[in-house]
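**Student:** Dumping the structure here so I can ask a few things about it.
The values are calculated or read from the model by the stated rules, or taken from the named source; none is laboratory data. Just so we're clear, the structure is a prediction, and the values are computed from it rather than from any experiment. Because the Cβ atoms are built from the backbone with ideal geometry, glycine has one as well, and the counts that use them run over all protein chains shown.
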Amino acid sequence: MLPDSLSTQVKVLGPTRFPNPLLQIRSTFVERDRVLLPSTLQELEPYLHREPPSFEMAGPRRELFFDPSTIACGILTCGGLCPGLNDVLRSVVLSLTYAYGVPTIYGFRYGYAGLAAKNGLEPLSLTPAVVEDIHTKGGTLLGSSRGPQELGDMIETLERLKVRVLFAVGGDGTLRGASALAQEILRRGLEIAVVGIPKTIDNDILWVERSFGFATAVEEATRALEAAHAEARGALGGIGLVKLMGRHSGFITAHASLANSDVNFCLVPEVPFRLEAFLGALEARLRARGHAVVAVAEGAAQELLPSSGERDASGNLRLGDVGLFLRGEISRYLQGCGLEFSIKYIDPSYIIRGVAANAADSEYCLALGQHAVHAGMAGRTDLMIGYWNGHFAYVPLALATAQRKQIHPQSELWQRVLGATGQPDMS
């Protein structure tokens, strides 16, 4: 269900008052254009006689809220590693420096922990020279962490350093933290903008058709599946079992399965399955074809595993290892069937997370960073840079974090997965 128009409105610190320095080199600017949320005739039908919901289009404005030559900006990265983090950092620094002439940019180390003075983590001074080649490396120059910090402590740091725009790069937990920070800043009447840049390798944030790092993750996951297929074909009763990332959403597993097209079983969190049905279907596949490839998202089949009840610093429930679980269950089942088999188990998670971004993601990260800078300079706050219906847009953080993006079992994507794998209904 599409949100109403009121919930798509982005907060603004105040009226714009300074000319944009880009006026000297750029001829086109965003005026009042907006990005429609509906994308099909069926979705548009209820709005034939009223304005459909829309997002404010991202891009540079002719006038700014801040005088860029007099302010400092800050940036931090939170959560797990993801291809493209350094690309985003570099884009923000280059855009602030060369497009807007911002003289001081702070890189807060290890996420929100670096913004809290009590932790004693001095920020890095970021310049074009510092970020010159970081996009060629995986990980994040600034380091990352999970978990919240005290709002007052972080705001004191921003005020002490005269930071007027903070860029927070992270997933849903990071964005919720950014929203809480932005709202407290507004409550105190301070002129500090908070702009989120959505980072989720799982591609599970709403109103972002493809999050950065996802294309790289699918590409690397496909390599793991190719290796699993080679191993499976090279043994009598060979089984290639690959566990991929995806706590709550199986987009990496689904898209890698489609890109590879050698996967026979694609298991994702959104589509529960009965263990007995899966094992029976796997046995039938081995008897008919002699080998099989299984791709499973890390969050799949958690209802079949014992739960420790433990949570990480972000509050996420610690998952059971579905890969090891399935390897054990497959072995026990096939031994009982008297079949000769060989399982090769591959878990490339941290290899995928830590690689540098591919070309498609690098270009995308550049655009996200540029649009984040445009938003901050124009005084937009409590928002993230989204991408919807082919356009970059400003999405209120409350809307972006309202729920998680997941694969719908009736979606075109999942129907294509079923067609490519040929797996039966195992519910």
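**Student:** Name the single residue, out of those in the stretch 375-411 being assigned to a helix (DSSP H, G or I) and farther than 30 Å from SER69 by Cα, that is nearest to the chain's Cα centre (by Cα).
**Tutor:** Filtering the stretch 375-411 for residues assigned to a helix (DSSP H, G or I) gives 375-377, 397-400.
Going one step further and asking which of them are farther than 30 Å from SER69 by Cα, we end up with 398-400.
On the way: ALA398: 16, LEU399: 15, ALA400: 12 Å.
For the stretch 375-411, the residue satisfying everything is ALA400.
**Student:** I'm checking my understanding of the structure. Among residues of the stretch 13-29 that are hydrophobic (A, V, I, L, M, F, W, C) and crowded, with 17+ Cβ neighbours inside 10 Å, which one is farthest from the chain's Cα centre (by Cα)?
**Tutor:** Taking the stretch 13-29 and keeping what is hydrophobic (A, V, I, L, M, F, W, C), we get 13, 18, 22-23, 25, 29.
Right, trim to crowded, with 17+ Cβ neighbours inside 10 Å and you get 13, 22.
Numbers: LEU13: 27, LEU22: 30 Å.
By that ranking, first place goes to LEU22.
**Student:** Which condition does LEU418 not pass, out of (1) among the hydrophobic types (A, V, I, L, M, F, W, C); (2) touching a helix residue (DSSP H, G or I) at 6+ places or on another chain (Cβ under 9 Å); (3) surrounded by fewer than 19 Cβ atoms within 10 Å (Cβ to Cβ); (4) farther than 18 Å from ASP202 by Cβ, if it passes all the others?
**Tutor:** Result: LEU418 passes all but (2).
**Student:** I'd like to check something: does the stretch 204-212 contain any residue that is buried (at least 21 other Cβ atoms within 10 Å of the Cβ), charged (D, E, K, R) and at pLDDT 95 or above? Break it down into steps so the answer makes sense when it comes.
**Tutor:** Filtering the stretch 204-212 down to residues buried (at least 21 other Cβ atoms within 10 Å of the Cβ) leaves 204-205, 207-208, 211-212.
Right, trim to charged (D, E, K, R) and you get 204.
Restricting the remaining residues to those that are at pLDDT 95 or above gives 204.
Within the stretch 204-212 (the criterion being buried (at least 21 other Cβ atoms within 10 Å of the Cβ), charged (D, E, K, R) and at pLDDT 95 or above), the answer is yes, since at least one residue qualifies.
**Student:** Write out, first by first residue and then by second, each pair whose Cβ atoms fall under 7 Å of each other, whose residues are 6+ apart or on separate chains, and whose first residue, in the stretch 386-397, is in contact (Cβ under 8 Å) with a residue 24 or more places away in the chain while the second is assigned to a strand (DSSP E or B) and surrounded by fewer than 18 Cβ atoms within 10 Å (Cβ to Cβ).
**Tutor:** HIS391/MET57; ALA393/MET57
**Student:** Any residue that is of a type in the set (Phe, Trp, Tyr), modelled with pLDDT under 95 and within 27 Å of VAL263 (Cβ to Cβ) - is there at least one of those in the stretch 338-352? Working first, answer last.
**Tutor:** Kept after step one, since they are of a type in the set (Phe, Trp, Tyr), are these residues of the stretch 338-352: 341, 345, 350.
Adding the requirement that they be modelled with pLDDT under 95 leaves 350.
If we keep only those that are within 27 Å of VAL263 (Cβ to Cβ) as well, we get 350.
Yes; the residues of the stretch 338-352 include at least one that is of a type in the set (Phe, Trp, Tyr), modelled with pLDDT under 95 and within 27 Å of VAL263 (Cβ to Cβ).
Yes or no, residue by residue, for (1) in contact (Cβ under 8 Å) with a residue 60 or more places away in the chain; (2) surrounded by fewer than 20 Cβ atoms within 10 Å (Cβ to Cβ); (3) assigned to a helix (DSSP H, G or I):
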site: GLY196; (1), (2), (3): yes, no, no
site: GLU226; (1), (2), (3): no, yes, yes
site: ALA230; (1), (2), (3): no, yes, yes
site: LEU236; (1), (2), (3): yes, yes, no
site: GLY240; (1), (2), (3): yes, no, no
site: LYS243; (1), (2), (3): yes, no, no
site: ALA254; (1), (2), (3): yes, no, yes
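**Student:** Here's a follow-up. Would you be able to say whether some residue in the stretch 300-313 is over 22 Å from SER427 (Cβ atoms) and at pLDDT 95 or above?
**Tutor:** Within the stretch 300-313, none of the residues are over 22 Å from SER427 (Cβ atoms) and at pLDDT 95 or above.
**Student:** Which residue is nearest to PHE251 (Cα to Cα), if the candidates are limited to the stretch 178-194 and must be charged (D, E, K, R) and not in a helix (DSSP H, G or I)? Working first, answer last.
**Tutor:** The initial filter retains those residues of the stretch 178-194 that are charged (D, E, K, R), namely 184, 187-188, 191.
Next, only the ones that are not in a helix (DSSP H, G or I) stay: 188, 191.
Values: ARG188: 40, GLU191: 38 Å.
Across the stretch 178-194, the extreme among qualifying residues is GLU191.
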